[in-house]
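Engineer: This structure is in structure tokens; I'll ask about it shortly.
The values are calculated or read from the model by the stated rules, or taken from the named source; none is laboratory data. The shown structure was predicted, so the numbers you read here are calculated from the model rather than taken from an experiment. Neighbour counts are summed over all protein chains in view; Cβ atoms, including those assigned to glycine, are modelled from backbone coordinates with ideal geometry. Ligands, DNA and RNA are excluded from the accessible area calculation, which covers all protein heavy atoms including side chains. Shrake-Rupley method; radii C 1.70, N 1.55, O 1.52, S 1.80 Å.
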Amino acid sequence: MKRVILFTTTLMIGLAFAGSLLMTSAAQAQSAEETLESITLSPVSRKYKLNAGQTISESLTIVNDGKTAYDFVMYSRPYSVTNENYEPNFTNTPTNADAYGWVQFKQAKYHLEAGASTTVEYTIRVPAKAAPGGHYGVIFAETQPAQEQISGNAVVRKKRVGSIIYATVNGTYQTNGEIQGSDIPFWQLQPPLHATATASNGGNVDITNSTTYVIKDIFGNTKYSEKKDYVILPETTRKMVFDWKDASWFGFYKVELSQDLLDTSTTDTGYVLILPRYIPVLLVVLAVAGGAYAILRRKKH
């Protein structure tokens, strides 16, 4: 019976270790592939206060931080979201996703050597009849395959990065937001320690939710703290995700989520137990095995 218990324990630990090695190897392979060709853009978003009919000149910085040279092209698309998780949508064209049409590039195609950067200039022209309130779009920089990659049946990958335009046209518009609450699951199987906060926007201009995420141990010591600002688009509800990746694989924590939205502030508190699923299963197996062993010994005597 003792050998059975030892074998079960060793098997569970071995499976967990093997899974960890496989995940690490896959992540390293993906990382090596990404560093070969890489493109970054700055800034990743911009907020504007503009008048109808106004024209402004802007620029973006594109950086090739990979190991190969490439061509890239610039273009703009609509920007909206599809659900509370704020999955971006670059094809739908709701009324306020029209700012992409205001963008004009000085040059559409560029070449960038490895380790180099360049500045992309563009102009935003606000229509004279643009409605007051929020208008949104996104500017993309996308790598282009080399000519030798296009021939044949090879699958050619393109990489792109975007900068979101949050434009507010001055005038009379409605600002309205509401904090919906938070979710702090008690039993979590593994790091990162996870929590979410939710807020909605009932107006016609984007608003900003400022959320502070604080984690304390059982003695009240702060283990982690961060503050993030999230833009909430008009007529949408946003679920904001907070993760602490350095949490212990086994631990008990107090979590505080504080939200500030317009003139409203709230703080929600919860407790989290991080405990892998295999530990309760292992304890049950050991308890059953121990009970069976005790019964067998009693019968033997």
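Engineer: Got at least one residue in the stretch 81-92 being open to solvent by 80 Å² or more (accessible area, probe 1.4 Å) and hydroxyl-bearing (S, T, Y)?
Structural biologist: yes
Engineer: Of all residues in the stretch 236-255, which are open to solvent by 60 Å² or more (accessible area, probe 1.4 Å) and more than 24 Å from G202 (Cβ to Cβ)?
Structural biologist: D243, K245, D246, W249, F250, F252, K254 - these are the residues of the stretch 236-255 that are open to solvent by 60 Å² or more (accessible area, probe 1.4 Å) and more than 24 Å from G202 (Cβ to Cβ).
Quick grid of which residues meet (1) of a type in the set (A, V, I, L, M); (2) over 22 Å from the mean Cα position of the chain (by Cα); (3) modelled with pLDDT of 95 or more:
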| site | (1), (2), (3) |
| --- | --- |
| R77 | no, no, yes |
| F105 | no, yes, yes |
| K129 | no, yes, yes |
| G133 | no, yes, yes |
| Y136 | no, no, yes |
| E148 | no, yes, no |
| A154 | yes, yes, no |
| K158 | no, no, no |
| I165 | yes, no, yes |
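Engineer: Scan the stretch 206-264 residue by residue and report those that are under 29 Å from N89 (Cα atoms) and assigned to a loop (DSSP other than H, G, I, E, B).
Structural biologist: Those that are under 29 Å from N89 (Cα atoms) and assigned to a loop (DSSP other than H, G, I, E, B): D206, L233, P234, E235, K245, L262.
Engineer: While we're here: So which residues in the stretch 94-142 are under 20 Å from V63 (Cβ atoms), surrounded by 20 or more Cβ atoms within 10 Å (Cβ to Cβ) and touching a Gly at 6+ places or on another chain (Cβ under 7 Å), if there are any at all?
Structural biologist: V138, I139
Engineer: Here's another thing I want to ask about it. Quick one: count up the residues across the stretch 217-235 that are of a type in the set (S, T, Y) and farther than 30 Å from V205 by Cα.
Structural biologist: Of the stretch 217-235, the ones of a type in the set (S, T, Y) are 222, 224-225, 230.
Subset that is farther than 30 Å from V205 by Cα: 222, 224.
Qualifying residue count for the region: 2.
Engineer: Continuing with this model, one more query. Can you work out which of the residues in the stretch 272-296 that are at pLDDT 75 or above and exposed (fewer than 12 other Cβ atoms within 10 Å of the Cβ) is nearest to the chain's Cα centre (by Cα)?
Structural biologist: My answer is R277.
Engineer: Also: Identify, please: which residue in the stretch 209-232 is open to solvent by 10 Å² or more (accessible area, probe 1.4 Å) and in contact (Cβ under 8 Å) with a residue 40 or more places away in the chain and is, among those, farthest from I165 (Cα to Cα)? Give the steps one after another, and end with the answer.
Structural biologist: Of the stretch 209-232, the ones open to solvent by 10 Å² or more (accessible area, probe 1.4 Å) are 210, 212, 214, 216-231.
Now drop any that are not in contact (Cβ under 8 Å) with a residue 40 or more places away in the chain, which leaves 210, 212, 214, 216, 231.
Details: S210: 20, T212: 25, V214: 30, K216: 37, V231: 12 Å.
Once the filter is applied, the top-ranked residue is K216.
Engineer: Which of the residues belonging to the stretch 55-74 are at pLDDT 95 or above and open to solvent by 60 Å² or more (accessible area, probe 1.4 Å)?
Structural biologist: Those that are at pLDDT 95 or above and open to solvent by 60 Å² or more (accessible area, probe 1.4 Å): T55, S57.
Engineer: Here is a further query. Would you check which residues across the stretch 93-137 are basic (K, R) and farther than 29 Å from N170 by Cα and list them? Don't jump to the end; show me each part of the working.
Structural biologist: First pass over the stretch 93-137, keeping only residues basic (K, R): 106, 109, 125, 129.
Answer for the stretch 93-137, where residues must be basic (K, R) and farther than 29 Å from N170 by Cα: just K109.
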